[in-house]
Amino acid sequence: MTARAIARYVRMSPRKVRLVVDQIRGTSVNDAYAILQFSPKAAAEPVSKTLRSAVANAQNKAEDQGDVLDLDDLVVKAAYVDEGPTLRRYRAAAMGRAAPIRKRTSHITVVVDTKDA
(Lines give C-alpha, C1' and ligand atoms only; values in the text may rest on other atoms or scores of the structure.)
Protein backbone atom coordinates (compact mmCIF):
# COMPACT_ATOMS: atom_id res chain seq x y z
CA MET A 1 0.00 0.00 0.00
CA THR A 2 1.89 3.05 -1.25
CA ALA A 3 0.76 6.56 -0.37
CA ARG A 4 2.42 9.94 -0.55
CA ALA A 5 2.02 13.50 0.64
CA ILE A 6 3.54 16.71 -0.68
CA ALA A 7 3.99 19.95 1.24
CA ARG A 8 4.57 22.74 -1.22
CA TYR A 9 5.99 26.25 -0.77
CA VAL A 10 7.37 25.61 2.72
CA ARG A 11 9.23 28.81 3.68
CA MET A 12 12.48 27.09 4.56
CA SER A 13 15.69 26.49 2.67
CA PRO A 14 15.81 23.07 0.94
CA ARG A 15 19.34 22.56 2.24
CA LYS A 16 18.14 22.82 5.85
CA VAL A 17 15.11 20.60 5.28
CA ARG A 18 17.22 17.89 3.62
CA LEU A 19 19.20 17.48 6.84
CA VAL A 20 16.02 16.34 8.59
CA VAL A 21 14.57 14.33 5.71
CA ASP A 22 17.79 12.30 5.37
CA GLN A 23 17.35 11.07 8.94
CA ILE A 24 13.91 9.51 8.39
CA ARG A 25 14.37 8.01 4.92
CA GLY A 26 14.09 4.20 5.09
CA THR A 27 12.96 4.05 8.72
CA SER A 28 9.66 2.73 10.05
CA VAL A 29 6.93 5.30 10.56
CA ASN A 30 7.00 4.99 14.35
CA ASP A 31 10.77 5.52 14.42
CA ALA A 32 10.40 8.50 12.08
CA TYR A 33 7.80 10.04 14.42
CA ALA A 34 10.22 9.68 17.34
CA ILE A 35 13.15 11.16 15.40
CA LEU A 36 11.10 14.15 14.29
CA GLN A 37 9.58 14.75 17.70
CA PHE A 38 12.97 15.08 19.40
CA SER A 39 14.85 16.77 16.57
CA PRO A 40 16.10 20.27 17.47
CA LYS A 41 15.79 21.43 13.84
CA ALA A 42 12.96 23.79 12.88
CA ALA A 43 12.44 21.79 9.68
CA ALA A 44 11.22 18.82 11.75
CA GLU A 45 7.76 20.38 12.12
CA PRO A 46 6.80 20.65 8.40
CA VAL A 47 8.40 17.26 7.69
CA SER A 48 6.38 15.73 10.54
CA LYS A 49 3.16 17.23 9.20
CA THR A 50 3.91 15.84 5.75
CA LEU A 51 4.66 12.39 7.19
CA ARG A 52 1.39 12.40 9.16
CA SER A 53 -0.47 13.38 5.99
CA ALA A 54 1.14 10.52 4.04
CA VAL A 55 0.15 8.03 6.76
CA ALA A 56 -3.42 9.37 6.75
CA ASN A 57 -3.49 9.05 2.96
CA ALA A 58 -2.36 5.42 3.28
CA GLN A 59 -5.08 4.70 5.85
CA ASN A 60 -7.77 6.28 3.67
CA LYS A 61 -6.52 4.40 0.63
CA ALA A 62 -6.61 1.10 2.53
CA GLU A 63 -10.07 1.89 3.88
CA ASP A 64 -11.37 2.56 0.37
CA GLN A 65 -10.07 -0.85 -0.74
CA GLY A 66 -11.62 -2.55 2.30
CA ASP A 67 -8.30 -3.41 3.96
CA VAL A 68 -7.10 -2.73 7.49
CA LEU A 69 -3.74 -0.96 7.73
CA ASP A 70 -1.42 -1.43 10.70
CA LEU A 71 0.87 1.53 11.41
CA ASP A 72 3.65 -0.83 12.51
CA ASP A 73 3.87 -2.17 8.95
CA LEU A 74 4.48 1.24 7.34
CA VAL A 75 7.95 2.36 6.27
CA VAL A 76 9.15 5.68 4.86
CA LYS A 77 9.96 4.37 1.40
CA ALA A 78 11.10 7.70 -0.06
CA ALA A 79 11.48 11.21 1.26
CA TYR A 80 12.97 14.06 -0.68
CA VAL A 81 13.02 17.84 -0.89
CA ASP A 82 12.83 19.87 -4.08
CA GLU A 83 13.55 23.54 -4.43
CA GLY A 84 10.53 25.80 -4.76
CA PRO A 85 10.42 29.36 -6.09
CA THR A 86 12.75 31.87 -4.49
CA LEU A 87 11.34 35.15 -3.21
CA ARG A 88 13.80 37.89 -4.15
CA ARG A 89 14.04 40.89 -1.88
CA TYR A 90 16.56 43.71 -1.61
CA ARG A 91 18.10 45.39 1.38
CA ALA A 92 19.79 48.78 1.46
CA ALA A 93 23.58 48.50 1.54
CA ALA A 94 26.48 50.90 1.88
CA MET A 95 27.07 53.75 -0.61
CA GLY A 96 23.54 53.65 -2.04
CA ARG A 97 23.74 50.07 -3.23
CA ALA A 98 21.22 47.27 -2.85
CA ALA A 99 22.10 43.84 -1.48
CA PRO A 100 19.92 40.91 -2.63
CA ILE A 101 18.14 38.67 -0.14
CA ARG A 102 16.93 35.27 -1.33
CA LYS A 103 14.05 33.80 0.65
CA ARG A 104 14.03 30.19 -0.45
CA THR A 105 11.09 27.77 -0.43
CA SER A 106 10.88 23.97 -0.48
CA HIS A 107 8.59 21.23 -1.72
CA ILE A 108 8.68 18.26 0.70
CA THR A 109 7.57 14.82 -0.56
CA VAL A 110 7.14 11.79 1.70
CA VAL A 111 6.20 8.33 0.35
CA VAL A 112 5.16 5.55 2.75
CA ASP A 113 4.72 1.89 1.90
CA THR A 114 4.08 -1.38 3.72
CA LYS A 115 7.08 -3.53 4.68
CA ASP A 116 6.05 -6.60 2.68
CA ALA A 117 5.53 -4.66 -0.55
| Which one of these is over 14 Å from the mean Cα position of the chain (by Cα) and within 17 Å of A5 (Cβ to Cβ): L71, L51, L36, L87? | L71
| note | Here the residues within the range 1-36 that are of a type in the set (D, E) and within 24 Å of V68 (Cα to Cα) are D31
| Set I35, I24, I6: member being aliphatic (A, V, I, L, M), at pLDDT 95 or above and exposed (fewer than 14 other Cβ atoms within 10 Å of the Cβ) | I6
| Which pairs have Cβ atoms under 9 Å, sit 6 or more apart or on different chains, and link a residue in the range 44-65 that is farther than 13 Å from V17 by Cα to one that is among the acidic types (D, E) and surrounded by 14 or more Cβ atoms within 10 Å (Cβ to Cβ)? | A58/D113
| request: Residues being in contact with a Leu (Cβ under 9 Å, 6 or more places away or on another chain), in contact (Cβ under 8 Å) with a residue 60 or more places away in the chain and within 16 Å of H107 (Cα to Cα): count how many of those fall in the range 2-29. | output: 2
| Taking the range 30-47, which residues are part of a helix (DSSP H, G or I) and either farther than 12 Å from I108 by Cα or of a type in the set (A, V, I, L, M) (or both)? | N30, D31, A32, Y33, A34, I35, L36, Q37, A44, V47
| request: Out of the residues in the range 13-27 that are outside any helix (DSSP H, G or I) and over 11 Å from the mean Cα position of the chain (by Cα), state the one that is nearest to A44 (Cα to Cα). | output: S13
| task | Quickly run through the range 59-116 and pick out the residues that are closer than 18 Å to D31 by Cβ and either assigned to a strand (DSSP E or B) or modelled with pLDDT of 95 or more (or both). | result | L74, V75, V76, K77, A78, A79, V110, V111, V112, D113, T114
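The values are calculated or read from the model by the stated rules, or taken from the named source; none is laboratory data. Everything numeric in this text was worked out from a predicted model, so none of it was measured. Backbone-built Cβ (ideal geometry, glycine too); neighbour counts: all protein chains shown.
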